[in-house]
Each structure stands twice: as structure tokens, then as C-alpha cells.
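Working notes, beginning with the structure itself.
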Amino acid sequence: MPAENKSSVSHRVERIAEIVGLALVVIGCFVVLRPFIASLLWAAILCFSTWPLYLWLEGKLKGRRTAAAAIMTLLTTLVLVVRC
């Protein structure tokens, strides 16, 4: 085999190995995260739905993000505890 054919075959094998490795990592991540998917979706929904309130509160607190985050955390916890 000429040198450029060996290089081409070697490059192709490396590329296939990279794709297979990436697929295995993605599958492994899914298997690990599968029990938590519902919780992650709820977290995303809560974050998305309370973001405007957080921005409003941050504005009222003159840009103090830590205070706004702490108050939002307390309010969210209070709502969830009182609701359940």
C-alpha cells in the first residue's frame, strides 16, 4: 500500500474511533442522568417561570444579585412547602 493510502485508512479508523467513543460517552451520560430527568425538567421549568420575578426583584434591590437570589430561594421554598 502506498503511504498516502495508509494515512487515509489510519485517519478514517481514528475518525470512526472518535465517533464511537463520543457515542459511548453520550450513552453513558444518559444512563447516569436518566433517573434525574424529571427533576431536571422541573428545575428548568421553575427557573424559566420565575426568572422575570427574579429580574424585577434584582432591580428593586439595585442590582444586588446575591440578595435577590437568596430571597427568590426562600420564596420558592416557602411556596413549595406551603403548597405541599
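Residues of region 18-57 that are closer than 20 Å to Leu74 by Cβ and open to solvent by 100 Å² or more (accessible area, probe 1.4 Å): Trp42, Phe48, Trp51, Trp56.
Being surrounded by 10 or more Cβ atoms within 10 Å (Cβ to Cβ) and over 23 Å from the mean Cα position of the chain (by Cα) holds for only one residue in Arg65, Arg15, and it is Arg15.
The values are calculated or read from the model by the stated rules, or taken from the named source; none is laboratory data. Keep in mind the model is a prediction, meaning the values are calculated, not measured. Counting neighbours? That spans all protein chains shown, and the Cβs are built from the backbone with ideal geometry, glycine included. Note: accessible area is taken over every heavy atom of the protein model, side chains too, but ligands, DNA and RNA are not part of it. Shrake-Rupley method; radii C 1.70, N 1.55, O 1.52, S 1.80 Å.
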